[in-house]
Structures are given as C-alpha cells and as structure tokens.
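Engineer: This is the structure I have questions about; it appears just below.
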Amino acid sequence: SRRRAAKKRINLANCAGQTEHLQSQNTEMAAVGEHGNEMAAAGEMGEHDGVSMVLPCELDSTVQEDFRAYVSGHYPPESKSELLYKILTEHQFVKAGAPEELERPRHRFEVRRFQLDVRGFQKWVKSSAGKAFRDVAGGVSDDALYTLSPMLRQILPRGLHSVTATPVQGGEPTHLWFRGIPKFTGLLEGDEDEQSNSHKANFFYHGTSVEDAHHLVVTRKSNGENAKMSMVRVDGVAYLLAGSKNTCLIWPAESPSTEYYPTPEKQSTETLGIDIGPYTAKLFSDWFLGKGEQEREQLFAEFVERGFSTIMGELNRPWGEHLVPIHALYLEVYTVLNADGLPIPPAQTFAFFETHQIEAPAAHEPVVMPGDAPFRQVWYQVRGVAELEQAVWSARVDRLNEGVVIYACAEDDSVLGLVKIKTNEYVIKRRLRETLKGRLIAPLAHSEIEGFPVVGKMRTSNRIRGEDPEDDGPVPLEQVLTKLEALLKRNMARLSHVPGCDEMHGVWSGFGIVFSRWWVKSRLEPVQDEDGMRRILAEYENRFASMVAEFEAECGALQTEPSQEV
C-alpha cells in the first residue's frame, strides 16, 4: 500500500504540473480579455515574439466599432442580431454558406450557415502577410484560427446558422440564431485532436481564468459527434430544431422529424456520408413526442420563457466510432446555452434535465448498451476548486471513455470557462491510430503496398518509399512494417505530456507493434479482392475502437501507467 501511495503521489505531482500550466496560461493571457473579449477589437492583445496576437483584419476601425457595440449590451436584441450578421459577413476569415429554403405548412424558412474560412486562413498564414502569425497559431487548423482571434471565439461557435421565418400567409419575418457552444480548449496539447497553440491561450469567458473559480463541475465527455437541439415559437407555432455543426433542421414540434428528415433503415459504415442531423432530429423528436401533451407544453414554455437557446449534446453511432467502443445509437446531452450562446449554470442545466426526465447514468456505468435510453445526459460531479489536481489525475487514469470536460464556476454557479482533459488511454490509442493510418492504411488505400488488390491510385507526392530509392513501384509489406514499427517507437516517445512516458513509451510502442502485426494477420492477409480491401479499410476508419477492444481481449489490455505492483 505504501508503494501504491508513493506511485499516486508521483502521478499527482505530474498532474500538479499540468494544473499549474492551466493557471499560468490563464494568468499570462488574462490581459487578452481583462475587460471582456472586446479587447480583441481594440487591439490590446499583447505580443508573441514581437507579433501582435490580433488578426490584422480585426484592427479595422469599423470592425472595432461594430464589435464594441455588439458586446456592449446597450442594444436591443434585434439590433444586436443585425450587428452580429454584419460582423460575420464582413470578417476576412468567416465564410457564409448559400441560403437554404425550407417549406413548412405555416412558415417558409431561410437558413444560412456561417463557419470559419479555414482554407482562406491556411492560404493567408502561409503568405508574406500572415506567416509571422503561424508560430503564434501553432498550426493551420480551425483551432489555430480560434487561437488568434478572441473575437471569433465569442461570435462564431462551431455550428452557427442564421434562420429567418416568414409566414406563408404573409406577415413580418422573424429572425433567430441556431448556435453551438463556443470553442473551448484542452489543458495540454495532447488534449486536442488538431494541431494548434489553443491550449496556451485563454478561452475562458469575459477575461476570467481558473483562478477566479469557486468550484468545479466535472462531466464525462462523449466520444461522438457534435449535436445541437432547440425549441422555438414563431407566430405561436412550435418548432423543433436539430443538427450537427454543419446543418440546421427545422420541423413542426408536433410532427415526427422523420416526416421531413427520414433516416436510412440500414445503419452501417455505408451511411457515414449522411450528416448526423437526421439521427439527432429523430432521437430528439422521439423523446419530445414520447411525453404527454401537458408535459410537452410545460417543457416548451420553460425553455422559451427562460431564454434558453440550445441543448448541446453528442451523437454516438456504433458505425462511426472514434476511440471508444460504441454499442448502441444514443444522444448524450451535456449543457444548455443561454440567449448569448454561453452555458447556463450547471446546477440549472442538470435540474432542467432531471425535471424533464432525461436519463442520468451512474458513475460506474460509462458504457451505453442496446436497450438503454437513447436520449440521455452525461455523468457529472461537483468538486471544490482545491480538488482540481485530483480531478485531472482521475480523468487521466480513467478507462473506456474519452475524458472529461471541467466547468470552472463562480460562486453563483455561473460558468467562467471550460477545459477538456483526455484520458491517457485515449491519447495513446489516438497516436497509434494516426501512426498506422499514415504509414499503413493510407498506402493500402492508394495501392502503394505490393501484393494486394488495387483500390486506388498511387500518390505522386507523400507516398511511401521502399529501401530502393530508384524503385517507384509498390513497396513490399515487410519493409512497410519495419518503418512503421520504428515510427511507432519514436511517436510514443514523444508523448512527454502523458505521465510516465519516460518509463512507459516502450510498452506503448510494443502494444502498437503487436497490434499492427495482429491487424495484418487477422484483417489484411485474408483479403482476396477489392471489396474485401475496402471493407477492412472502412472498418479501420469507422470501427477502430471495437477492433482494438477485440485485440485487447485476445492479447491483453494496453497498460497506460507504470504498474503499481512490484
């Protein structure tokens, strides 16, 4: 027991360094939002190696004036909405989609999506005008763009649609926004799936930091797809909204969503190209219509009268896994957003869920199985702010889930900001998945490995090479595996932010090497034709977690930490 206690103290010491990082990066970046995110428009963002943290396009005097007016709160909702629309349509790195028309019995809807113009940002950051910002951003992804722009973090969440409803029989149009939760970041680089410096910036609201927190609310993070839902009344007519970060579906609340958005009967990897919106809509609609008429009216009235805007969740599909096995289709909700798109106090969120009978999981039952309620809420617990280190450590060493999202809350329970923590298991398995994808799966998909059915064209660049530099043909499998195994060793050794890396990276790479050989023997070698090759490639892409679970059942589970036994 003394040895176990000593090992735990070591892990907590590693954790302490991570929480100190969170506190220091929030302190360092507090000047970014000392007086709210309007500082971005004022250009008072500090510097990084002599480079202003503000995007040049946000220093324009008109942009500054509009943004100050938007965040001032001195305007009625209609004017604020118009200002937001103006800022979005004029911002250099915001892309507005083409309007989509939806015909419903009582209203005609025009829906327009706003999103980050990542491709435009990628071109700009590589140009002479933007290259100085690349080190600040830490990459060219949407996370990198958010890192550079507190303005975009405030006004453009992942998932934003402008909706205008016009009565079919004539009348004044009604405008509303269907929005997702603002971008929040990981504690460390490994807590993010995309490359950026977002973990170094302060993504907390209104310039606050974790040091301002009174308590924490820890929620288990789903490993699914971004989903959002809403309820609105337009001219007395009740509508439900649902969608992914890319879509906005609208239908009369008293009608099943499938009357307007049917879902495929066959649920498999073949349906992955279909947006998750219809599945989200169906689960939301089924849950809503499963209530009695009076219950539905009370639910709608509370949502609208309290000024709620969105219920946030994640859709989990067995045919579209990431790194956690999914055994049933289910939608897991985790917060409610207010009219400004920020999370309401967690106590209010979970009281709302409980009042309206959204299934709550037990802490010891992280896995949802067929037959369980398909519309459910995340597990959560309230902890003191002094327990931050323990909360991070507990999240890191947990298994069978992606990790947690920690809400830092003020004394009145208002949310100051969110930070996500990935489990060590998740980070290591993601490194394994991505390494094999680049050096084995992609080459097979491009027919660059010798002796297997041809399913794609060889690449002209970024293709794998064999031992003979003069040979441009397919590479023998054994040469590919030799290079893959060496890369696994290097990549696992680079997970320095994972506690125990110095001691354990050899174990992690060994797990990956044995898994890759197992995959070749159990999946690749039996392939006889193109269809067989496509099937195993689709399984790798969409059922990786279940495939690794099968391997672990046969060969032993991944050891993520130094053994606590001598």
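Engineer: Does anyone have the angle between helix 501-519 and the longest principal axis of the chain? Alpha-carbon axes, 0 to 90°, nearest 10?
Structural biologist: Once rounded, the angle reads 80 degrees.
Engineer: Further question on the same structure: In deg cm²/dmol, rounded to 500, what helix-only [θ] at 222 nm does the chain give when every DSSP H run of at least 4 residues adds -39500 (n - 2.57) and the total is split over its residues?
Structural biologist: Helix-only estimate at 222 nm: -11500 deg cm²/dmol.
Engineer: In the neighborhood of PRO167, defined by Cβ-to-Cβ distances under 11 Å, what is the net charge if each Lys or Arg adds +1 and each Asp or Glu adds -1?
Structural biologist: Residues close to PRO167 contribute a combined charge of +1.
Engineer: Take the alpha-carbon centre of the stretch 289-362, take the same for the stretch 421-465, and report the distance between them in whole Å.
Structural biologist: 37
Engineer: Just to verify a number: FRET efficiency for GLU411 and GLN390, C-beta to C-beta distance, R0 = 25 Å, to 0.05?
Structural biologist: Step by step, r from the Cβ atoms, then E = 0.75.
Engineer: I would also like to ask the following. With the cut-off at 13 Å, report for the stretch 87-131 the share of all Cα pairs above it, as a whole percent.
Structural biologist: 65
Engineer: Shifting gears a bit: Across the stretch 305-369, how large is the tail of the calculated P(r) beyond 17 Å, expressed as a percent of all Cα pairs?
Structural biologist: Here the tail beyond 17 Å accounts for 50 percent of pairs.
Engineer: Mind giving me the FRET efficiency for THR258 and HIS175? R0 is 22 Å, r the Cβ-Cβ distance, nearest 0.05 is fine.
Structural biologist: For R0 = 22 Å, the calculated efficiency reads 0.20.
Engineer: Something else about it: If you stretched the chain out fully between ALA493 and ASP472, how much longer would it get, using 0.36 nm times the residue separation minus the C-alpha to C-alpha distance?
Structural biologist: 4.4 nm
Engineer: Among LYS80/LYS126; LYS228/LYS420; LYS457/LYS483; LYS200/LYS422, which pairs are too far apart, with a Cα-Cα distance over 24 Å?
Structural biologist: From LYS80/LYS126; LYS228/LYS420; LYS457/LYS483; LYS200/LYS422, over 24 Å: LYS80/LYS126.
Engineer: In square nanometres and to one decimal, what's the mean projected area of the convex hull around the Cα atoms of the stretch 49-206?
Structural biologist: Answer in nm², one decimal: 10.9.
Engineer: How big is the stretch 367-485 on each of its three principal axes, counting only the C-alpha atoms and giving the largest first in Å?
Structural biologist: The principal-axis extents, from largest down, are 68, 36, 23 Å.
Engineer: Give me the net charge for the shell around HIS327: Cβ to Cβ below 12 angstrom, other residues only, Lys and Arg +1, Asp and Glu -1.
Structural biologist: Residues close to HIS327 contribute a combined charge of 0.
Engineer: Determine, from the Cβ-Cβ distance of ARG119 and GLN298 and an R0 of 51 Å, the FRET efficiency 1/(1 + (r/R0)^6), rounded to the nearest 0.05.
Structural biologist: Here the calculated transfer efficiency is 0.65.
Engineer: What fraction of the DSSP beta bridges in the chain is antiparallel, stated in percent and rounded to the nearest 5?
Structural biologist: Of those bridges, close to 90 percent are antiparallel.
Engineer: Evaluate the distance, in nm, between pseudo-label points positioned 7 Å from the Cα of ARG306 and of ALA347 along their respective Cα→Cβ axes.
Structural biologist: Once both label points are built, they end up 1.3 nm from each other.
Engineer: Beyond 21 Å, what percent of the Cα pairs of the stretch 230-345 remain?
Structural biologist: Of all Cα-Cα pairs in the stretch 230-345, 40 percent lie more than 21 Å apart.
Engineer: Can you give me the Rg/Rh ratio for the stretch 454-554, using Cα atoms for both radii and the Kirkwood formula for Rh?
Structural biologist: 1.01
Engineer: Where nothing but the Cβ of Lys and Arg (+1) and of Asp and Glu (-1) is charged, how large is the charge dipole of the chain around its Cα centre, in debye to the nearest 20?
Structural biologist: 940
Engineer: If you don't mind, there's one more thing I want to ask. Which Rg and Dmax, in Å, describe the Cα atoms of the stretch 55-132?
Structural biologist: 16.0, 53
Engineer: How compact and how long is the stretch 323-405, expressed as Rg and Dmax of its alpha-carbon atoms in Å?
Structural biologist: Final numbers for Rg and Dmax: 14.1, 39 Å.
Engineer: Would you please state the base-10 log of I(q)/I(0) at q = 0.08, 0.13 1/Å for the chain, with intensities from the Debye formula using one equal scatterer on every alpha carbon?
Structural biologist: For the requested q values the scattering log ratios are -0.59, -1.52.
Engineer: Given points 7 Å out from each Cα along the Cα-Cβ axis, report the SER79 to GLU530 separation in nanometres with one decimal.
Structural biologist: 6.3
Engineer: Then there is this: Please work out the Cα convex hull volume for the stretch 401-450 and give it in Å³ per residue.
Structural biologist: Taking only Cα atoms, the stretch 401-450 has a hull volume of 91 Å³ per residue.
Engineer: Just how large is the dipole of the stretch 350-496 about the Cα centre, in debye to the nearest 20, putting +1 at every Lys and Arg Cβ and -1 at every Asp and Glu Cβ?
Structural biologist: The calculation lands at about 460 debye.
Readers should treat all values here as calculations from the given coordinates under stated rules, not as data from a laboratory. The structure displayed is predicted, hence computed values, not measured ones. Quick reminder, even Gly has a Cβ in these numbers, built from the backbone with ideal geometry, and neighbours come from all protein chains shown.
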